[in-house]
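What follows is calculated from the coordinates using simple rules that are stated; it is not laboratory data. This structure is a prediction, so every number in the text was calculated from the model and none was measured. Cβ placement follows ideal geometry from the backbone for every residue including glycine, while neighbour counts extend to all protein chains displayed.
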Amino acid sequence: MSGDPGMTELRRGVLGPCVLALLDERPRFGLELVRELAATGGLLTSDGTVYPLLSRLRDAGLVTSEWHDPAGERARRYYSITDVGRDQLKSFRADWTDFAATVAVVLFRSSAAAAGPPGGGRGTGRSGPADPARPEEGPRDE
Amino acid sequence: MSDPVLERPLVRQYLRALDAACAILPVPQAQELHEQITAHLEEALPPGASIAEVSAELTRLGPPRSLAAAAAGPSRFLVLRKLRNRARRVRWWVWTAIAVVVSALGAGTGYLVSVNTAAPLLVVETGWLYPADQARAVDTTADDVTQTTVPDRFGQRQGLLLGLVNNSDWTQMILGVGPTWGFGSFPGEAQVGVESGPHLNQVGATVSGTSYYASPGVIPPHSFRYIRVAWTSDACMGADGGTIVDHITLRVRVGLITRTESIPLNEAFELAVTGHSTCP
């Protein structure tokens, strides 16, 4: 997992929608959310930062929290997504698809130009993957 | 809920550090984060967790300062927010005590400034006190400076009569002359009496009854009073000797403070050895 500040900012930006996506499946308690996000392997810089995020999402009206204290079990605070949260998640999903595609095009067009043929051949931005070792990360032809 | 996990030294240390870091947060937000982290640790750590497991879990949680910073949001105005949140943690009675102390300090400072900056007394009239000296006084003027000279009457009472104005807003009590003031060899031994009476007006005139001289005596604000400064002359000087003063220093109490005022006289006063001097 990269410690690059830019990646940290990027993770911070997408963590909220990811939490909303998990809560859209079903209500979850804090540790459950942390474990699932940590299991993805690249979203969390530290587990603890999920909790302030949950508080902010609740303050923004995107999630609610409620204590569940079933007899004989541990009391847990469960977080649920609200209708406003669902709307925001839906909007983010739509934006993210376009955004990720755009970023990928720009990022890998630069790599393709740098790895282009000697002699100053001009890249078109529509050529194949620049790094043969990572063909799956190449730009998408449109 | 009491859980042995929370009693583990590493956990207790972490939670203490978290509480300290959360000083930048509003109290409810800090309490909620503490509760969330506590619940996380209770759930994540089994009761018999090893030190390594505890340490690994705390590492995964992240440094307490990072959690507090994440809860605080962007760092803009962080210092102001920190101060504000710290201020909100102060109990009402502490604020009350601070307000009382600040008010008292402010009032005290204002009082001291006021009394210290009170206008000093001003001499507007001068003369010899006793007829024996008045009759023998010789006045001379040179370079716009007037000097009045009388013989030094060794072993006898001599003195000055001064008219003083108190231009300040404070009553000024004259306690005596300054410790170093005097003619020749009797510094500090002069007695000072201030014109007093049951009913004196601002210019020192008696409205009813009679006036007298009191020591110590007071001059009310914006008022005029005569004072008598008398001493027993004991400076025996040789022929053509003399001693001159052109100011008087008075110990004056203004409010609660006592200060020494050095007041210029309208003319210079000299005790001189002349044909009338009675030095043995």
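Explain nothing, just the number: dipole magnitude of the protein assembly as shown about its Cα centre with +1 on each Lys and Arg Cβ and -1 on each Asp and Glu Cβ, in debye rounded to the nearest 20.
It comes to approximately 1180 debye.
What FRET efficiency comes out for the pair A:LEU107/A:ARG35, r = Cβ-Cβ distance, R0 = 41 Å, nearest 0.05?
My answer for the efficiency is 0.85.
May I ask you to list, by number, the DSSP H helices of chain B whose Cα span along the axis is at least 20 Å and whose average Kyte-Doolittle hydropathy reaches -0.5 or more?
Span-like helices in chain B: B:92-116.
Regarding chain B, what whole-number volume in Å³ per residue does the convex hull of its Cα atoms give?
Measuring per residue, one finds 273 Å³ for the Cα hull of chain B.
Report the one residue of A:LEU37, A:ALA71, B:THR260 whose Cα lies farthest in the direction of the positive end of the charge dipole of the protein assembly as shown (charges on C-beta: Lys and Arg +1, Asp and Glu -1; origin at the Cα centre).
Selected residue: A:ALA71.
For A:19-31, what's the mean count of beta carbons from other chains sitting within 10 Å of each residue's beta carbon?
1
Percent relative contact order of region B:1-72, based on C-alpha pairs within less than 8 angstrom and at least six residues apart?
Normalised by residue count, the contact order of region B:1-72 is 48 percent.
Assuming a viscosity of 0.890 mPa s and a temperature of 25 °C, what translational diffusion coefficient in µm² per second does Stokes-Einstein assign to the protein assembly as shown, Rh being the Kirkwood radius over Cα pairs?
Taking Rh from Cα pairs, D becomes 79 µm²/s.
Starting from region B:36-121, pick out the trypsin sites (Lys or Arg not before Pro) whose DSSP state is loop and whose Cβ has at most 12 other Cβ atoms within 10 Å.
Hits after loop and neighbour filter: B:ARG76, B:ARG91.
Out of B:ILE244, B:LEU121, B:PRO47, whose Cα points farthest toward the positive end of the dipole of chain B (charges: +1 Lys, Arg; -1 Asp, Glu; placed on Cβ)?
Of the listed residues, the answer is B:PRO47.
In debye, nearest 20, what is the charge dipole magnitude of region B:14-85 about its Cα centre with +1 on Lys and Arg Cβ and -1 on Asp and Glu Cβ, if you could check?
Dipole magnitude for region B:14-85 comes out near 600 debye.
How crowded by other chains is A:41-51, given as the mean number of beta carbons from other chains within 10 Å of each beta carbon?
Mean partner shielding for this stretch: 6.
Within 10 Å of each Cβ in B:241-251, how many Cβ atoms from other chains are there, averaged over the peptide?
0
Quick one: length gained pulling B:ALA268 to B:ARG65 fully straight, 0.36 nm per residue minus the C-alpha distance?
Working: separation 203, 0.36 × 203 = 73.08 nm, distance 7.67 nm.
Computed gain between B:ALA268 and B:ARG65 is 65.4 nm.
If eta is 0.692 mPa s and T is 37 °C, what Stokes-Einstein diffusion coefficient results for region A:1-97, Kirkwood Rh from Cα pairs, in µm²/s?
Estimated via Stokes-Einstein, D reaches 235 µm²/s.
Considering the dipole of the protein assembly as shown built from charges on the beta carbon (Lys and Arg +1, Asp and Glu -1) around the Cα centre, which of B:ALA56, B:VAL138, B:GLN191 is farthest to its positive end?
Checking the options against the dipole of the protein assembly as shown, the answer is B:ALA56.
Under 8 Å for C-alpha pairs, at least 6 residues apart: give me the relative contact order for region B:154-209, rounded to a whole percent.
Dividing the mean separation by the residue count of region B:154-209 yields 18 percent.
Using a Förster radius of 30 Å, what is the FRET efficiency between A:ASP98 and A:GLU25 based on their Cβ-Cβ separation? Nearest 0.05, please.
Values: r = 24 Å, r/R0 = 0.79.
Working from the Cβ atoms, E equals 0.80.
Using Cα-Cα distances under 8 Å and only pairs 6 or more residues apart, what relative contact order does chain B have, in percent?
Computed value for chain B: 18 percent relative contact order.
Quick one: which residues, 5+ away or cross-chain, put their amide H under 5 Å from the amide H of A:LEU44? H built at 1.01 Å from N.
Amide H neighbours of A:LEU44: none.
Return, ordered by residue number, the residues of region A:15-35 whose backbone nitrogen is under 15 Å from a label point located 7 Å along Cα→Cβ of A:ARG86.
Within reach of a label on A:ARG86, which here means backbone N under 15 Å from a point 7 Å along Cα→Cβ, region A:15-35 contributes A:20-27.
Mind listing which GluC sites (Glu not before Pro) in region A:36-83 are in a DSSP loop and have 11 or fewer other Cβ atoms within 10 Å?
A:GLU73
In region B:146-180, whose amide N lies under 19 Å from the spot 7 Å out along Cα-to-Cβ of B:TYR212? List them in ranges.
B:174-176, by backbone N distance to the label point.
Round to the nearest 0.05 the FRET efficiency obtained for B:LEU256 and B:GLN147 when R0 = 45 Å and r is the Cβ-Cβ distance.
0.70
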